Amino acid sequence: MRTITVSLRTLTPIWTGDVDRTSEQVRETGLMGSVRWWTEALIRGLGGYACDPTSSDRCGFDEAAYRRTYQVEDGLRDVCPACRLFGCTGWSSKLRLVITDGEGGYVVSLEQPGAYFVLNFVEVKPTTAEERWLLAKVAWLITRYGSMGGKTTLKPPQPDYGLVALASPLRLPSSVTRESVQVWLAKMLAESPVLQERLRRAPPEWPNLRLFFFNTERWLDTGQVNELVRVDPSGFLSGRRGVSKKVFSFQKGNRFWGYARDSQMLEKVLATLQRLGVSSTRTGEEVLNEL
Ligand SMILES: [Zn+2]
């Protein structure tokens, strides 16, 4: 079994849970959750279906179907690609995350900027080349445009959290392209009427990379963030009614990103940014074309 490694350097502290900060379990679970969240958004952006594992419409391994044939594929037929990789009820994750310092040590503080660390995705079950492509591209997305870990929802001028840079180039499976991953995702959908139905009724609130916006040259102050979320009377962007805000701004990192619920909302966001004189904002569509 292989280990997929991603070498990173912290640009700001990474917040990985405030329950017990000395617990590595909490830290690794937190970062894995972040990687999974971006993977789900990427899968949806590529036209595939990924469930929200916190929703009632989450996947489960079909034990009965599996017992009829003892073929794992039969148990996984109606399981989304994110759950196939990261696990769901009845199906454990294909990967275990171990964080090291790159020299075999396990003691790495992610609370200092400039810390070098390695995400070791240790295969517990074999992954496919498409899954490894998704992981590598998610690492690229997080470092190039996004952020990882919690506490990114604080409004400026709170300190930035979760900005990381790639410390060495990513290794991508040579046989895989964005197009071939899209074909792979489409095939999974075509083979499962259940997944097709779940895609049809999936809430538009679930993050889809196509509806993201990114800027790596500017940050937004509180006033600008407020201006931006005002374009949406439904409160989706501002995160009213107990849901989290959809705009994340990093003062020191000179970066912001966020996502809309539909293309109409995205248009309004982009128009507002233009009015505020914020240029060089990239849409999720443009970023997908870079993959
Ligand atoms: Zn799922």
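The values are calculated or read from the model by the stated rules, or taken from the named source; none is laboratory data. Nothing here was measured: the structure is a model prediction, and the numbers come from that model. Cβ: placed from backbone, ideal geometry, glycine included. Neighbour counts: every protein chain shown. Side chains included, ligands, DNA and RNA excluded: accessible areas come from the protein's heavy atoms. Shrake-Rupley method; radii C 1.70, N 1.55, O 1.52, S 1.80 Å.
What the table below lists for this structure:
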read-out	value
Set Ser234, Ser192: member being among the hydroxyl-bearing types (Ser, Thr, Tyr) and within 26 Å of Leu135 (Cα to Cα)	Ser192
Qualifying residue in the stretch 31-43 (condition: within 11 Å of the ligand (Cβ to nearest atom), crowded, with 22+ Cβ neighbours inside 10 Å and in contact (Cβ under 8 Å) with a residue 60 or more places away in the chain)	yes
Pairs with Cβ under 7 Å, 6+ apart, first in the stretch 79-90 and within 17 Å of Ser192 (Cα to Cα) and among the β-branched types (Val, Ile, Thr), second open to solvent by less than 20 Å² (accessible area, probe 1.4 Å) and within 6 Å of the ligand (Cβ to nearest atom)	Val79/Cys59
In the stretch 99-145, the residues that are of a type in the set (Gly, Ala, Ser) and within 14 Å of the chain's Cα centre (by Cα)	Ala136, Ala139
Close pairs (6 angstrom Cβ cut-off, 6 or more residues apart or separate chains): within 20 Å of Tyr161 (Cα to Cα) in the stretch 240-265, modelled with pLDDT of 95 or more and of a type in the set (Val, Ile, Thr) anywhere	Arg255/Thr216
Among the residues listed as Val108, Val98, Val124, the single one being open to solvent by 50 Å² or more (accessible area, probe 1.4 Å) and of a type in the set (Val, Ile, Thr)	Val124
Candidates Asn254, Asn208, Asn215, filtered to the one that is surrounded by fewer than 18 Cβ atoms within 10 Å (Cβ to Cβ) and within 21 Å of Leu141 (Cα to Cα)	Asn254
Gly90 within 18 Å of the chain's Cα centre (by Cα) and more than 9 Å from the ligand (Cβ to nearest atom)	no
